[in-house]
Amino acid sequence: MSRGPLLFRDIDTPRLAALETYRGLGGYEALAATLGLKSPDECIEIVKASGLRGRGGAGFPCGLKWSFVPKNSPKPRYIVCNADESEPGTFKDRELMEKNPHLLIEGMILAGYAIGSHCGYIYLRGEFEYIQRILDRALAEARSAGLVGADVFGTGYAFELHTHLGAGAYICGEETALLSSLEGYRGQPRLKPPFPAVEGLYACPTVVNNVETLMNVPHILKNGGAWYRQWGTEKSPGTKVLSVSGPVKRPGNYEIPLGLPLRTLIDSPEYCGGMRDGLKVKGVIPGGSSVPLLPASELDTGLDYESMNAVGTFLGSGGVIVIDDHTCMVDALWNITRFYEHESCGKCTPCREGTYWMSEILERLEHGAGRETDVALLEDVADNILGKSFCALGDAAAMPVQGMLKHFRAEFEYHVQHRRCLVNRRRQSLEEVTA
Amino acid sequence: MSHAPVMPLDGPAHLDWPQAAAAEVREAIARFPVARSAVLPLLWIAQRTWGWVPPAALRLVASTLELPEPEVFGIATFYTMFNLRPIGRHHLQVCMTLSCSLMGADRLFRHLEHRLGVGHGGTTADGRFTLRRVECLAACGGGPCMQVGFDYHENLDESKVDALLEALK
């Protein structure tokens, strides 16, 4: 049974990672139909017309990003795949690369061709060592078949592609930090502008795209921009792979047409099949732990960029974390905030210090030692990080706090007044173990 | 910013790349127009070769890439996955981030602490296991999850973990 219309259509085909299987299903046909037959500018126009938006989290229009690469720069240009997949709640790129590495390679070659690049790097998070092996094997096959190298498909276009392994740092998912890391520095972000399209890797024009974004490219170049718009909405065309986690009956990756209501994703037997163990939805983080959560009353919101923005949150990376009615929101937020405290790169003060203080306050609240002023203090610290940090990590740490306080403030105040959780099934299980 | 351990002063005084590793090192450097980019690949080769990255290996990476030693020390301590002190034969890395936590990661970690008699960052006396809490491993749909070395183990519970520990000699 097909798990999705596009990227997940063939995902469970046995041995899809082998070149022969991939080609048998139409793989590399987009490359054959593009190289030497369409100009790089035509490719950019087709991707622009498709309306494809970056699938890593920011949702920036992909074709527009490509068009920012200067046409007459004498410097080499680079195409870099962000395969750092480190946003909590997100695990789509891992499955996509593990099962269909050639689709990423084909997407990289096509993106490289469109921006006039002859060299690409796939930056994988350090934990994905086994995926590096899968990709390297696929790359070796593609090289032997003349699909990567000095003369791609005999068209005279040269393209080299390498994999690169990070070593454990959430910040390297931020594109300028990723480039610092790829250059051999600590993975710390750089000021924008200049944007990578103008000055990226080795100060050369560079496009950084997410795995899922690049995997859409072969489909779009083969079938056209209008074809891609058969799925999704006017402002959010196409499909999106959502990673669903938490106590639902069938967690996992689902490729949906953009605009599908969140409730359908969670409840429909076609997707997650509802909650397990008689639990109810309390709130949902729709786009990775960095975005504000939605309360259960907003479950009818469509999963697309504009509908999510309209209710004060973001589609982000598509990491949907479902939180149940027996979970303490103070405890859940403390967990999220600890993550950002741990992952703050230390470069700028609002993020480095602010994430630490938010964790301190939440720890106090959770342990029944909260002060009368703590909820307001927490809000104040978050407000003083948002928009004031060097890169988006600070915003990513502040927004979940703001979202929680907007929708569940009473639960935080309950902690101050009663010095305990309103509900917390995890604490009970902890106590059982430690009794 | 990783909470890196204080740099140990022990380990061998001097190291050289063994023959097979030297070939990998040359190949890694050739992938980039600027040699410095190979610093993470070389640190990984060092960790694979010696099981951890002793100070002498950091100096070796620095001299191979003609970088100042403190630069390489600074890079190795920034990332969480380089073991700057020796670890056990099996590195148990339990994800503690929200999705896994909602599915019972805290309880699982406590269970491992009790079973092994060590806490976060500890190594069992027989040198078999090192236990560590880690942040999101991108296996949220299979929480609670754990990486043993680089191998993913998902949808864990106490009995599955016990069976796994038995199998890891």
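The values are calculated or read from the model by the stated rules, or taken from the named source; none is laboratory data. Since the model is a prediction, treat every value here as computed from it, not as a measurement. Ideal geometry is used to build each Cβ from the backbone, glycine not excepted, and the neighbour counts take in all protein chains shown. Each accessible area value is taken on the protein alone, full model and side chains, heavy atoms only, with ligands, DNA and RNA left out. Shrake-Rupley method; radii C 1.70, N 1.55, O 1.52, S 1.80 Å.
Considering the protein assembly as shown at the alpha-carbon level, its Rg and Dmax are found to be 23.7, 73 Å. Burial here means at least 40 square angstrom less accessible surface with every protein chain in place than with the chain by itself, probed at 1.4 Å; in segment A:70-111 the buried residues are A:91, A:94. Across segment A:1-112, Cα pairs under 8 Å and at least six residues apart give a relative contact order of 31 percent. How about segment B:88-112: which of its residues lose at least 10 Å² of accessible area in the presence of all protein chains relative to their chain isolated, using a 1.4 Å probe? The answer is B:96, B:97, B:98, B:99, B:101, B:102, B:103, B:106, B:107, B:110 - residues whose exposure falls by at least 10 Å² when every protein chain is included.
Solvent-accessible area per residue for chain B at a 1.4 Å probe radius, Å²?
With the other protein chains kept in place, chain B gives 42 Å² per residue.
With contributions of -39500 (n - 2.57) from each DSSP H run of at least four residues, the per-residue ellipticity at 222 nm computed over the protein assembly as shown stands at -13000 deg cm²/dmol. Considering only A:242, A:377, A:294, the Gaussian network model of chain A with Cα springs below 10 Å gives its largest mean-square fluctuation to A:377. Using the Cβ-Cβ distance between residue A:310 and residue A:223 with R0 set to 45 Å, the FRET efficiency from 1/(1 + (r/R0)^6) comes to roughly 0.90. Accessible surface calculations at 1.4 Å, restricted to protein heavy atoms, place segment A:89-214 at 26 Å² per residue.
Cross-link reach is defined here as a Cα-Cα straight distance under 16 Å, omitting same-chain residues fewer than 8 places apart; for residue B:169 the aspartates and glutamates meeting it are B:126, B:151. Multiplying each eigenvalue of the alpha-carbon gyration tensor of segment A:1-120 by 5 and taking the square root yields semi-axes of 25, 18, 14 Å, largest first, rounded to whole angstroms. Ligands, DNA and RNA aside, residue A:235 has an accessible area near 140 Å² when probed at 1.4 Å. Apply 1/(1 + (r/R0)^6) to the Cβ-Cβ distance of residue A:423 and residue A:3, taking R0 = 35 Å, and write down the FRET efficiency to the nearest 0.05. E between residue A:423 and residue A:3, to the nearest 0.05, is 0.50. Scaled against 2.2 N^0.38 Å for its residue count N, the alpha carbon radius of gyration of segment A:204-259 is 1.39. If I build a Gaussian network model for chain A, linking alpha-carbon pairs within less than 10 angstrom, which residue out of A:402, A:188, A:417 has the largest mean-square fluctuation? Sorting by GNM fluctuation, first place goes to A:417.
How much of the accessible area of chain B, in percent, comes from carbon and sulfur atoms when a 1.4 Å probe is used? Roughly 53 percent, rounded to a whole number. Compared with its chain on its own, segment B:123-169 contains the following residues whose accessible area drops by 10 Å² or more in the full protein assembly (probe 1.4 Å; ligands, DNA and RNA excluded): B:135, B:136, B:137, B:138, B:140, B:141, B:147, B:150, B:152, B:154. Excluding residues fewer than 8 places away in the same chain, name every one of the lysines whose C-alpha is closer than 20 Å to that of residue A:282. Cross-link targets: A:249, A:406.
Counting only Cβ charges, +1 for Lys and Arg and -1 for Asp and Glu, the dipole size of the protein assembly as shown around its Cα centre is about 440 debye. The GNM of chain A, with springs linking C-alpha atoms under 10 angstrom apart, assigns the highest mean-square fluctuation among A:340, A:78, A:22 to A:22.
Within segment A:175-196, find all residues whose amide N lies under 12 Å from a label point positioned 7 Å from the Cα of residue A:73 along Cα-to-beta-carbon. Correct set: A:194-196. Given the options A:269, B:149, A:215, identify the residue whose Cα lies farthest towards the positive end of the charge dipole of the protein assembly as shown (+1 on Cβ of Lys, Arg; -1 on Cβ of Asp, Glu). Of the listed residues, the answer is A:215. Available extension along the chain between residue A:145 and residue A:195 is 14.5 nm, counting 0.36 nm per residue and deducting the alpha carbon span. Quick check on segment B:68-108: take the gyration tensor over C-alpha atoms, sort the square-rooted eigenvalues as a ≥ b ≥ c, and tell me if it's rounded (a/c under 1.5), prolate or oblate. Oblate, because a/c is 1.5 or more while a/b does not exceed b/c.
Between chain B and chain A, roughly 4500 Å² of accessible surface gets buried, counting both sides and using a 1.4 Å probe. Rounded to the nearest 0.05, what FRET efficiency do residue B:124 and residue B:56 give with R0 = 30 Å and r taken as the Cβ-Cβ distance? Could you check? Computed FRET efficiency for residue B:124 and residue B:56: 0.70.
Placing a pseudo-label 7 Å from each Cα along the Cα-to-Cβ vector at residue A:376 and residue B:10 gives an inter-label distance of 5.3 nm.
Absence of a disulfide-compatible partner, taken as no other cysteine beta carbon within less than 4.7 angstrom, is noted in chain B for B:136, B:140, B:145. Remark: relative contact order (chain B) = 19 percent; criterion is Cα-Cα distance under 8 angstrom and separation of 6 or more residues. Within 10 Å of the Cβ of each residue in B:30-37, the mean number of Cβ atoms contributed by other protein chains is 5.
Out of the total accessible area of chain A (probe 1.4 Å, heavy atoms of protein only), what percent is carbon and sulfur? Mind dumping the intermediate values first?
Values: 8260 of 15410 Å².
Ligands and nucleic acids excluded, carbon and sulfur give 54 percent.
For segment A:399-409, backbone phi angles converted through the Karplus equation (6.51, -1.76, 1.60; θ = phi - 60°) give residue-by-residue couplings of 4, x, 5, 4, x, 4, 5, 5, 9, 10, 3 Hz, Gly and Pro being listed as x. By the rule of a second cysteine Cβ within less than 4.7 angstrom, chain A holds isolated cysteines at A:43, A:62, A:81, A:119, A:172, A:204, A:272, A:345, A:348, A:351, A:391. A crude spin-label estimate for the pair residue B:157 and residue A:18, with each label 7 Å from Cα along the Cβ direction, gives 3.7 nm.
Can you bin segment A:254-310 into rounded, prolate or oblate? Criterion: square roots of the alpha carbon gyration tensor eigenvalues sorted a ≥ b ≥ c, rounded for a/c under 1.5, prolate for a/b above b/c, oblate for the rest. It is oblate, given that a/c is not under 1.5 and a/b is not larger than b/c. Please work out whether segment A:72-193 counts as rounded, prolate or oblate from its C-alpha gyration tensor, where a ≥ b ≥ c are the square roots of the eigenvalues and a/c under 1.5 means rounded, while otherwise a/b larger than b/c means prolate and anything else oblate? It comes out oblate by the Cα gyration axes.
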